[in-house]
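Trainee: Here you go, one structure.
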Amino acid sequence: MQSHVYESIDDIGLDQIEALDAGLDFSFGLLRAVERTLWGDLLVRYITVESNDDGVVLAFIPVYLGSNLNLNALLPTIIQKGYNALVRSLGTMMATRFAVIGNLISDRGWIPMHPNLKDRKGALRLMLDEIDRIAKKHSTQLGMLKDIHCDFPAEERALMREAGFVEGYSLPTTRINTAYDSFEDYLKKEL
């Protein structure tokens, strides 16, 4: 297995993403739409883990990089105002550089992997190493593996902690199941 970084979801391709059974949250179309509507200095890179012999994508995750998210939204108002004043006067060089790993508009909390992937831990290690390289290249100060829930495999969460990530708890969330094959299947669901 080897890792690879792409600048556009188009470079990976629809067929490779569909083979992962990534669901709506990590679908080619949704990620493509998000990619094309990024604003300011926000950009995306896609990390894949691919088989050595035939280049099949075994796992992938988007990494959003930039400095234009309001990461201080939950801080006391006085600190927010001071930070915002510094950013206004000194420009974006003062803003916190970040990497958000995962889908910006989802709370599914997983990393799409091919159903035939035998070495999930090995693939995750390759991805974490690549996340670190991308973060260093873009001088990020804060990295976040987004929405990795408690139902994500414990041994894989342990690998994330070993890589230097710390588990943090967010505000309570409401989860809506979007893992349907079609809109019609969603409509058939009992409420």
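Trainee: Please check: in the Gaussian network model of the chain (C-alpha springs, under 10 Å), which one of D11, D129, D54 has the largest mean-square fluctuation.
Mentor: Answer for the Gaussian network model of the chain: D54.
Trainee: How much length is gained on full extension from R161 to D132, taking 0.36 nm per residue of separation minus their Cα-Cα distance?
Mentor: Contour length minus the Cα-Cα distance gives 9.1 nm.
Trainee: Calculate the FRET efficiency for T178 and N116 from the Cβ-Cβ distance with a Förster distance of 30 Å, rounded to the nearest 0.05.
Mentor: Approximately 0.80, to the nearest 0.05.
Trainee: For the chain, give me the percentage of DSSP beta bridges that are antiparallel, rounded to the nearest 5 percent.
Mentor: 80
Trainee: May I pose another question? Sort L20, L142 from largest to smallest accessible area, using a 1.4 Å probe on the heavy atoms of the protein chains.
Mentor: Putting L20, L142 in descending order of accessible area: L142, L20.
Trainee: Describe numerically, in nm with one decimal, the distance between label points set 7 Å from Cα along Cα→Cβ at D151 and at Q80.
Mentor: Spacing of the two 7 Å Cα→Cβ label points: 3.2 nm.
Trainee: Okay, next question. Sketch the reach of a paramagnetic label on E7 as a point 7 Å from Cα along Cα-to-Cβ, and name the residues of segment 34-53 whose backbone nitrogen lies under 13 Å away.
Mentor: Residues passing the 13 Å test: 43-46.
Trainee: So for the chain, what are the equivalent ellipsoid semi-axes in whole Å, largest first, each being the square root of 5 times an eigenvalue of the Cα gyration tensor?
Mentor: One finds semi-axes of 29, 21, 17 Å for the chain.
Trainee: Mean separation of Cα pairs under 8 Å and 6+ residues apart, divided by the residue count of the chain: what relative contact order is that in percent?
Mentor: Dividing the mean separation by the residue count of the chain yields 23 percent.
Trainee: When the chain is treated as a GNM, springs tying every alpha-carbon pair under 10 Å, which of T96, T140, T77 comes out with the largest mean-square fluctuation?
Mentor: Of T96, T140, T77, the Gaussian network model singles out T77 as fluctuating most.
Trainee: Report the full-extension gain for the segment W39 to D54: residue separation times 0.36 nm, less the Cα-Cα distance, to one decimal in nm.
Mentor: My answer for the length gained is 1.9 nm.
Trainee: Cross-link partners among aspartates and glutamates for K137, C-alpha distance below 18 Å, same-chain residues fewer than 8 apart left out?
Mentor: K137 reaches E7, D41, D129.
The values are calculated or read from the model by the stated rules, or taken from the named source; none is laboratory data. Keep in mind that what you see is a predicted model, and the values were worked out from it rather than measured. Here Cβ is always computed from backbone atoms with ideal geometry, including for glycine, and neighbour counts include all displayed protein chains. Just so you know, the surface numbers come from the protein's heavy atoms only, side chains and all, with ligands and any DNA or RNA stripped out. Shrake-Rupley method; radii C 1.70, N 1.55, O 1.52, S 1.80 Å.
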